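Undergrad: The structure's right below; bear with me while I get my questions together.
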Amino acid sequence: MKTKENLEPIFETTTFWDFPTQNYGKTKHGDNKYSGVTPAFIIWNLIQRYTAENDLVVDPMCGSGTTIDVCKEENRDVIGYDIVPYRDDIIQCDARKLPLENDFADFIFVDPPYSDNLKYNDHPRNIGKISCTKNNYFIELEKVIIEIKRVLKKKKNVAWLIGDHWRSKTGLIPVGFKFYEILSKYFMPVDIIIVRRRNQTSNTSIWHYRAKKFNFYLRGFKYLLIFKNSKT
Ligand SMILES: C[S@@+](CC[C@H](N)C(=O)[O-])C[C@H]1O[C@@H](n2cnc3c(N)ncnc32)[C@H](O)[C@@H]1O
């Protein structure tokens, strides 16, 4: 019988993805203690579809290094950047200015901060310190998108993982729709995947009780927006 620890990734064929755990297999992919860590299954599925062996994958905001671990195991070349590297194999860099030539990467994966709700670090250039209720949040992440456009090879793909935001004071900020629009200015849409959220901190009985009592919804999914570097 398969246990939680040795679950193997399944090649997804629909636009709804639901993973029981952050990790798969017997080795770690990223660190599931890192706030905002990406489910490794997502990156595994993306690189099966959009890359071949020895292709170069770039993750400009790679956090605990999930993209690096998945790509190495699948024989892809990989470069991971972060404003504050969590491990030695992550290069310190601001995602708005990548030290790469034009038309260099075969695939780019980004799981950016969704607002200022998680504390990643105190670096002044950490975009995760800007609330998505401020227009500046979208302006700064659009700079990352422009940089991705520059370094991604033509006709290659980028995947952007993002969640919406709701607070009683601000109401709904449809962050996913906003990024769909911004990304569409630079790239051709390929598809939208809905990824079920399972392990966020609000998945507790007290938060489910509050959601019912005060008539709001907890965030149940993220968008995985897939685009191609081509307008035709
Ligand atoms: C959602 S986390 C990424 C999680 C990662 N994919 C993983 O699996 O661990 C977002 C990351 O963006 C980084 N970040 C914020 N501002 C940045 C910037 N200007 N340049 C590069 N990285 C940045 C944060 O430090 C954080 O690690």
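Every read-out reported here was derived from the displayed coordinates using simple, explicitly stated rules and does not represent laboratory data. Because the structure is predicted, anything quoted here is derived from the model rather than measured. Neighbour counts run over all protein chains shown; Cβ positions are idealised from the backbone, glycine included.
Undergrad: For a quick check, take a GNM of the chain with Cα springs below 10 Å and name the residue from LEU98, LEU172, LEU141 with the largest mean-square fluctuation.
TA: LEU172
Undergrad: I want the antiparallel fraction of DSSP beta bridges within the chain, as a percent rounded to 5.
TA: If I count the DSSP bridges inside the chain, around 55 percent turn out antiparallel.
Undergrad: Same structure again: Once R0 is set to 22 Å, what does the formula 1/(1 + (r/R0)^6) return for the Cβ-Cβ distance between ASN54 and THR27, expressed as a FRET efficiency to the nearest 0.05?
TA: 0.60
Undergrad: Just in the range 184-232: which trypsin sites (Lys or Arg not before Pro) are loop by DSSP and have at most 16 other Cβ atoms within 10 Å?
TA: ARG197, ARG198, ARG219, LYS231
Undergrad: Rounded to whole Hz and in sequence order, give me ³J(HN,Hα) for the range 90-104 from the Karplus expression 6.51 cos²θ - 1.76 cosθ + 1.60, θ = phi - 60°, writing x for Gly and Pro.
TA: 9, 8, 6, 5, 8, 4, 7, 8, 8, x, 10, 6, 5, 6, 10
Undergrad: Under a GNM of the chain (C-alpha, springs under 10 Å), which listed residue has the highest mean-square fluctuation: TRP166, TRP17, TRP207?
TA: Sorting by GNM fluctuation, first place goes to TRP207.
Undergrad: Which net charge results for the neighbourhood of MET61, defined as the other residues with beta-carbon distances under 9 angstrom from its beta-carbon, given Lys and Arg at +1 and Asp and Glu at -1?
TA: Local net charge: -3.
Undergrad: Only helices at least 20 Å long along their own axis, judged from Cα atoms, and with Kyte-Doolittle mean hydropathy of -1.0 or greater: name those in the chain from DSSP H.
TA: What comes out of the filter, once short or polar helices are dropped, is 135-151.
Undergrad: Not counting the cut sites, what is the longest span of the chain without GluC sites (Glu not before Pro) that DSSP labels loop and that have at most 14 other Cβ atoms within 10 Å?
TA: It works out to 102-232.
Undergrad: So who's got an amide H within less than 5 Å of the one on PHE19, skipping anything under 5 residues away but keeping other chains? H placed 1.01 Å off N, in plane.
TA: Sorted by chain and number, the residues that satisfy this are ARG196.
Undergrad: Could you tell me which trypsin sites (Lys or Arg not before Pro) in the range 85-161 are loop residues by DSSP with no more than 16 other beta carbons within 10 angstrom of their beta carbon?
TA: Those that pass, being in a loop and sparsely packed, are ARG87, LYS97, LYS119, ARG125, LYS134.
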